[in-house]
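A short worksheet on the structure shown next.
The values are calculated or read from the model by the stated rules, or taken from the named source; none is laboratory data. Source: prediction; values computed, not measured. Don't worry about glycine lacking a Cβ; one is built from the backbone with ideal geometry, like all the others, and counts go over all protein chains shown.
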Amino acid sequence: MGWFRRLSLRGRLMLIGTGGLAVGLLLGGLLLVSVLRLVLDQALDSGARRTAADVVELLDHVWDAGADTDPNVVEVYVGYLRRKIDQPYNVRSLQTVRGAGYRLVG
């Protein structure tokens, strides 16, 4: 599958494997990718059609949902991730699913 199946931590720097290269991510970005990867892995393992995580689910798992967190924070981090892991490699691995949320594709 894609690069996102090779997540790793090295020291204090969060890294994600991208075609053998390492990209530093902020903790929020790493957690967001981890949740999206978990949703994808569960779908692949169970044969389910659901491969997208909605904004509420991402807020619950990545940020303190009990806090007064603006849902726009998800869009901000998705944009950050696209600039870090998609644009430099001319790929679209982090996709918006209209009416459903976001998903990773291989």
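Here are some notes:
- Selection count where residues are part of a strand (DSSP E or B), of a type in the set (Gly, Ala, Ser) and within 15 Å of Leu25 (Cβ to Cβ), scope the range 58-106: 0
- Cβ-Cβ contacts under 7 Å between residues 6 or more apart (or on different chains), taken from a first residue in the range 87-103 that is hydrophobic (A, V, I, L, M, F, W, C) to a second residue that is at pLDDT 85 or above and surrounded by fewer than 18 Cβ atoms within 10 Å (Cβ to Cβ), are listed as Leu94/Arg82; Ala100/Asp54.
- The set of residues in the range 56-69 being out of contact with any Ser or Thr (no Cβ under 9 Å at 6 or more places or on another chain) and surrounded by 18 or more Cβ atoms within 10 Å (Cβ to Cβ) consists of Leu58 alone.
- Residues satisfying the stated conditions in the range 49-70, i.e. at pLDDT 75 or above and among the aliphatic types (A, V, I, L, M): Ala52, Ala53, Val55, Val56, Leu58, Leu59, Val62
- Among (1) in a loop (DSSP other than H, G, I, E, B); (2) over 10 Å from Tyr102 (Cα atoms) - the single one Thr51 does not satisfy: (2)
Residues are listed down the side, and each one gets a yes or a no for (1) within 16 Å of Val33 (Cα to Cα); (2) under 15 Å from the mean Cα position of the chain (by Cα); (3) of a type in the set (A, V, I, L, M); (4) surrounded by 15 or more Cβ atoms within 10 Å (Cβ to Cβ):
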{"residue": "Asp54", "(1), (2), (3), (4)": "yes, yes, no, yes"}
{"residue": "Pro71", "(1), (2), (3), (4)": "no, no, no, no"}
{"residue": "Tyr77", "(1), (2), (3), (4)": "yes, yes, no, yes"}
{"residue": "Leu81", "(1), (2), (3), (4)": "yes, yes, yes, yes"}
{"residue": "Tyr89", "(1), (2), (3), (4)": "no, no, no, no"}
{"residue": "Leu104", "(1), (2), (3), (4)": "yes, yes, yes, yes"}
